[in-house]
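Here the structure is laid out as structure tokens; the discussion comes afterwards.
The values are calculated or read from the model by the stated rules, or taken from the named source; none is laboratory data. Note that the structure is predicted; figures quoted are calculated from it, not measured. Here the Cβ positions follow ideal geometry from the backbone for every residue, glycine too, while neighbour counts run over all protein chains shown. In case anyone asks, the SASA skips ligands and DNA or RNA and just uses the protein heavy atoms, side chains included. Shrake-Rupley method; radii C 1.70, N 1.55, O 1.52, S 1.80 Å.
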Amino acid sequence: LNAYVDDLQSLDEVDQRTPLKTTQGFMRFAELGDYETAAEYLDLRYLPEEVAAADGEQLAEQLYVIISRGMRVDFGDLSDQPEGSDADGLPAYRDLLGKLETAQGGIPLYLQLIPGPKDTQIWKISNASVAQIPRLYEDFGYSPLVESVRLFLPAGSFLGVESFKWVMALLAGLIAAGAWLAVAWLIASLVTRRHPENEMRVRSFLTRPIPVLIFVLAGANVLRSLGLGVTASRILEGGTIVTLAAVWLLFSIINLSRDLYAQFLQARRRESALMVLRPVTTTAKVIVALMAIVIWLDNIGVNVTALVAGHGVGGLAVALVLQKPLEDIMGAITLYTQQPVTVGQFCTCGDVTGTVEEINLRT
């Protein structure tokens, strides 16, 4: 997909030689708001009177809205050969662009091979599909509220997404995060009613990472519902911002759990066990960070299975080298948690008798 999107972003002139080039060209110019050029990719011949009277730019804009809201364009399934695909069961002059998901089932959109200039053959979005645009736009078009916002705000786009969509996503994220903040204060008070000394810790957790994650998720959902172009879909599928917000949330949960458990140990005079909290906390954060990196790499198209397999042998060698230090660390964790001995106790270990002065992670 990345290669196809890079090709799409490099287009600067109309190219209708193959089904793939036609689809890329239409999506590219529509993302830029150049519906005049995007209309050149539509077969406007032999249309019904009610559709033929419509402006080509308007039809191109409506089709872009329909595709962005109702269909995910799979560039990998589109042929990059002038003769098109011969494995789709369709006539040689027709290829499948994709299927719109509706309550009644999938509605196909087609590409069609038609005569071009100077006795050439070019691909355009089929006139049979163009004829359905007004009817499909009634199902996939914007609501009156969204349409009024779109007409009110100045035209423009960023990453192939119109400015009004960004504004509505921002407002939705702020409203959702603000609503959570209003509830978070009450939740913190109720949860810590029996332990008021923890109220600030719990409130800090509820009012910092969680609202950010809610803001990101609410905004992303609004953008998806309003329709995304190929470029924005590619970025959103990577989930970079969502991944960072989720890691921050998990780190905050780990820190909160550490602080509450440390307070629990102090209340029971088990201060020696506090030493193990730092390495355990750090280990948990490292595991979370590594899992987040793996998930993010998988989202952006990296072959994670091959990557992990390639590091398997190296990981085994490292594990063998660290076997003794790991034994020491696990022994220390056992001493801290089970407390068979504590600092200050007089005991015997083998042929050594004395008072325990210190317990750390290695000795």
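When the residues of segment 17-56 are filtered to those that are over 20 Å from residue 112 (Cβ atoms) and of a type in the set (D, E, K, R), which remaining residue is modelled with the highest pLDDT?
The extreme case among them is 36.
Considering only segment 43-56, state which residues are among the charged types (D, E, K, R) and in contact with a strand residue (DSSP E or B) (Cβ under 9 Å, 6 or more places away or on another chain). Even if it seems obvious, please write down each step before you answer.
Within segment 43-56, the subset among the charged types (D, E, K, R) is 43, 45, 49-50, 55.
Correct list: 43, 45.
Looking for something surrounded by 15 or more Cβ atoms within 10 Å (Cβ to Cβ), out of contact with any Pro (no Cβ under 7 Å at 6 or more places or on another chain), closer than 26 Å to residue 223 by Cβ and touching a residue at least 40 places away in the same chain (Cβ under 8 Å) - is there at least one such residue anywhere in segment 80-89?
no
With the requirement that a residue be open to solvent by less than 20 Å² (accessible area, probe 1.4 Å) and part of a loop (DSSP other than H, G, I, E, B), what does segment 53-66 give you?
None; the set is empty.
Considering each residue of segment 140-158, count those that are in contact (Cβ under 8 Å) with a residue 60 or more places away in the chain and either closer than 17 Å to residue 225 by Cβ or of a type in the set (Ser, Thr, Tyr) (or both), and give that number.
5
Since residue 59 meets every condition but one in (1) closer than 19 Å to residue 21 by Cα; (2) touching a strand residue (DSSP E or B) at 6+ places or on another chain (Cβ under 9 Å), which condition does it not meet?
The failed condition is (1).
Just to verify a result, which residue in segment 22-41, among those that are farther than 19 Å from residue 75 by Cβ and out of contact with any Phe, Trp or Tyr (no Cβ under 7 Å at 6 or more places or on another chain), is least open to solvent (accessible area, probe 1.4 Å)?
Per the criteria, the residue is 39.
Those residues that are under 33 Å from the mean Cα position of the chain (by Cα), more than 25 Å from residue 85 (Cβ to Cβ) and not aliphatic (A, V, I, L, M), I need them from segment 53-68; list them, please.
Residues satisfying the conditions are 57, 58, 61, 62.
Are there helices (runs of 4 or more DSSP H) fully within segment 124-240 with at least 3 residues that are among the charged types (D, E, K, R), over 30 Å from residue 54 (Cα atoms) and open to solvent by 20 Å² or more (accessible area, probe 1.4 Å)? List them.
Passing ranges, in order: 199-207.
Quick check on segment 109-123: of everything there that is surrounded by 14 or more Cβ atoms within 10 Å (Cβ to Cβ) and out of contact with any helix residue (DSSP H, G or I) (no Cβ under 6 Å at 6 or more places or on another chain), which residue is nearest to residue 14 (Cα to Cα)?
So the residue we want is 122.
Can you tell me which residue among 174, 113 is in contact with a strand residue (DSSP E or B) (Cβ under 7 Å, 6 or more places away or on another chain) and at pLDDT 80 or above?
Unique residue meeting the criteria: 113.
Being surrounded by fewer than 18 Cβ atoms within 10 Å (Cβ to Cβ), in a helix (DSSP H, G or I) and either out of contact with any helix residue (DSSP H, G or I) (no Cβ under 9 Å at 6 or more places or on another chain) or modelled with pLDDT under 80 (or both) is true for just one of 6, 12. Which residue is that?
6
Within segment 37-52, does at least one residue satisfy the condition of being under 25 Å from the mean Cα position of the chain (by Cα) and not in a loop (DSSP other than H, G, I, E, B)?
The answer is no, given that none of the residues of segment 37-52 is under 25 Å from the mean Cα position of the chain (by Cα) and not in a loop (DSSP other than H, G, I, E, B).
Do we find a residue being over 32 Å from the mean Cα position of the chain (by Cα) and either at positive phi or in contact (Cβ under 8 Å) with a residue 60 or more places away in the chain (or both) anywhere in segment 93-108?
No, that holds for no residue.
Quick check: anything in segment 67-83 in a loop (DSSP other than H, G, I, E, B), among the charged types (D, E, K, R) and more than 30 Å from residue 150 (Cβ to Cβ)?
As a first pass, look at segment 67-83 and keep what is in a loop (DSSP other than H, G, I, E, B): 71-74, 78-83.
Okay, now just the ones that are also among the charged types (D, E, K, R), so 72, 74, 80, 83.
From the residues that got through so far, the ones that are more than 30 Å from residue 150 (Cβ to Cβ) too are 80, 83.
Checked segment 67-83: at least one residue is in a loop (DSSP other than H, G, I, E, B), among the charged types (D, E, K, R) and more than 30 Å from residue 150 (Cβ to Cβ).
Got at least one residue in segment 38-61 being within 25 Å of residue 157 (Cα to Cα), touching a Ser or Thr at 6+ places or on another chain (Cβ under 7 Å) and touching a residue at least 60 places away in the same chain (Cβ under 8 Å)?
Yes; the residues of segment 38-61 include at least one that is within 25 Å of residue 157 (Cα to Cα), touching a Ser or Thr at 6+ places or on another chain (Cβ under 7 Å) and touching a residue at least 60 places away in the same chain (Cβ under 8 Å).
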